[in-house]
1. Applying the selection to the range 283-301, what residues are outside any helix (DSSP H, G or I) and more than 16 Å from ligand 2 (Cβ to nearest atom)?
2. In the range 37-61, which residues are surrounded by 19 or more Cβ atoms within 10 Å (Cβ to Cβ) and more than 31 Å from the chain's Cα centre (by Cα)?
3. Can you pull out the residues in the range 178-193 that are more than 14 Å from K167 (Cα to Cα), near ligand 2 (Cβ under 9 Å from one of its atoms) and outside any loop (DSSP other than H, G, I, E, B)?
4. Quick check on R260: is it over 21 Å from the mean Cα position of the chain (by Cα), of a type in the set (K, R) and in the same structural domain as L210 (by TED's automatic domain parsing)?
5. Pick from K162, K201, K157: which is within 16 Å of ligand 2 (Cβ to nearest atom) and of a type in the set (K, R)?
6. Evaluate the following for R128: is it charged (D, E, K, R), more than 16 Å from ligand 2 (Cβ to nearest atom), modelled with pLDDT under 90 and assigned by TED's automatic domain parsing to the domain that holds G87?
7. Counting only residues that are within 16 Å of ligand 2 (Cβ to nearest atom) and in a helix (DSSP H, G or I), which one in the range 354-365 is nearest to the chain's Cα centre (by Cα)?
8. Would you check if F303 is touching a Ser or Thr at 6+ places or on another chain (Cβ under 9 Å) and surrounded by 18 or more Cβ atoms within 10 Å (Cβ to Cβ)?
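The values are calculated or read from the model by the stated rules, or taken from the named source; none is laboratory data. Fair warning: this is a prediction, and the values are worked out from it, not measured in the lab. Please note: Cβ atoms are built from the backbone with ideal geometry, for glycine as well, and neighbour counts cover all protein chains shown.
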Amino acid sequence: MEKEKCTILVIDDEQSIRRLLEKELVIPYRDVLTAACGKDAKKILKNHWVDVIIMDLRLPDVEDLQLLIEVKESVAYVEVIMITGHGDVDSAVEAMKYGAYDFIQKPFNLDRLELVIEKAHQRVLMARENSILRHNRDLDKQKVQFIGKSESIRDIKFLINKVAPAKIPVLITGESGSGKDVVARMIHERSACSSRELIIKNCASLQKELARSELFGHAKGSFTGANESREGLMSYAHDSTLFLDEIGELSLGVQASLLRVLESHKYRRVGEKQERKVNVRLLFATNRKLAEEVEEGRFNEAFLHRINAFNIEIPPLKERKEDLPLLVDYFLIRLSPDNSSYKIVDRAMSCILRYSWPGNIRELRNVIERSIILAENNIITERCLPRELVSAAEESHAALSLDLVEKRHILKMLHFFEGNRQKTSEILGISRKTLYRKLALYNQ
Ligand SMILES: Nc1ncnc2c1ncn2[C@@H]1O[C@H](COP(=O)(O)OP(=O)(O)OP(=O)(O)O)[C@@H](O)[C@H]1O
Ligand SMILES: [Mg+2]
């Protein structure tokens, strides 16, 4: 089996110790980074994936154990080995209470240190693997399903099946929560590279200065903090699909580089001259109007034309209300904690049908999840729905009533003519008598 790479960060204010460890610990498959204080260490941790930290118990710029606590809280999958001086055993034990993996006393026994590092690294790998397994299990449980029988959903399913095997880019648009992720996953699942992992990146989560490097990777020394070369998502997604969500967040420069990938299947790491080849299927999503972004000069026009060649537009849920009963049934089954069945009363269902669902399917899912918790005897009534939803649904129902539209219009006109009933009745084309009758009805 290929050995997993291990990156170690040594944090010690004594230069001799940093040098010694750097020299002794470097072997193939292992990188050693060093920091002289807490501040430098945090900077490194922001930019690097570190597996094992070897940390002096006492550092000049942080209180004892403070850095350990912060690291354990903020860095996923890392083990910390403390370096302690003579007579510091109590503090070392204290450190272990805060999550340190082990401690090693100065002067070092390098063989023991090697052993401890190796064990700590094994533990990191195991934790990471467990989390991946757990994640995959969760995903399995949530195997994507695209529920809906409205005409628009049927069209989308048709498009997905047609476009999936082709390697062309697809732009998926639609309001937040409307199912863009679901469509992207379905395209990948039905494509020739479905056995490979779909790589997903939300561009809104990319730090502006690091976006290019995260996507394309960087060469060692290409910017401050780039102490080692790093691969980007493009290389991880080789022979697979890369789904870039919220594409409108990317800078024009990065958009131009993505256009190059689409046109020539080539990209360049930050700080490198030569181009690399990549075989990747790109999917994009956004809830912004990219044509407007182009007009505002925030989006590259050529790039938009290229990705817009195949666009799947998911309509908001309020425009395909005929899907609601199916979706409600689906979520009632899927979200049922003990596989028991739930029933929804007609009045609750009609609230659901009347509501406008600004948060789309995500909102519906949350509402159903909540109602299952509140249901008594597995029956979902209006009382299990959020109050805002019930009242908004009632309002929209009222708004639909002609009487109310008429009332609003009459009162608006009356207000416009400053209470002059003669002019109001003339402009409305009704007799004054009728107007009086209606106003009496409205208690005016
Ligand atoms: N047609 C559908 N059938 C079943 N579940 C769906 C459907 N569409 C969306 N969902 C579910 O609704 C939730 C929101 O969908 P998704 O994450 O795909 O939305 P999105 O458009 O990507 O939103 P955002 O713009 O916030 O990223 C998810 O839990 C998803 O599984
Ligand atoms: Mg999404």
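1. Those that are outside any helix (DSSP H, G or I) and more than 16 Å from ligand 2 (Cβ to nearest atom): K289, E296, G297, R298, F299, N300.
2. Listed by number, the residues that qualify are I54, M55, D56, L57, L59.
3. Answer for the range 178-193, where residues must be more than 14 Å from K167 (Cα to Cα), near ligand 2 (Cβ under 9 Å from one of its atoms) and outside any loop (DSSP other than H, G, I, E, B): K180, D181, V182.
4. Answer is yes for this residue.
5. The match here is K201.
6. Against the criterion (charged (D, E, K, R), more than 16 Å from ligand 2 (Cβ to nearest atom), modelled with pLDDT under 90 and assigned by TED's automatic domain parsing to the domain that holds G87), R128 qualifies.
7. So the residue we want is R362.
8. no
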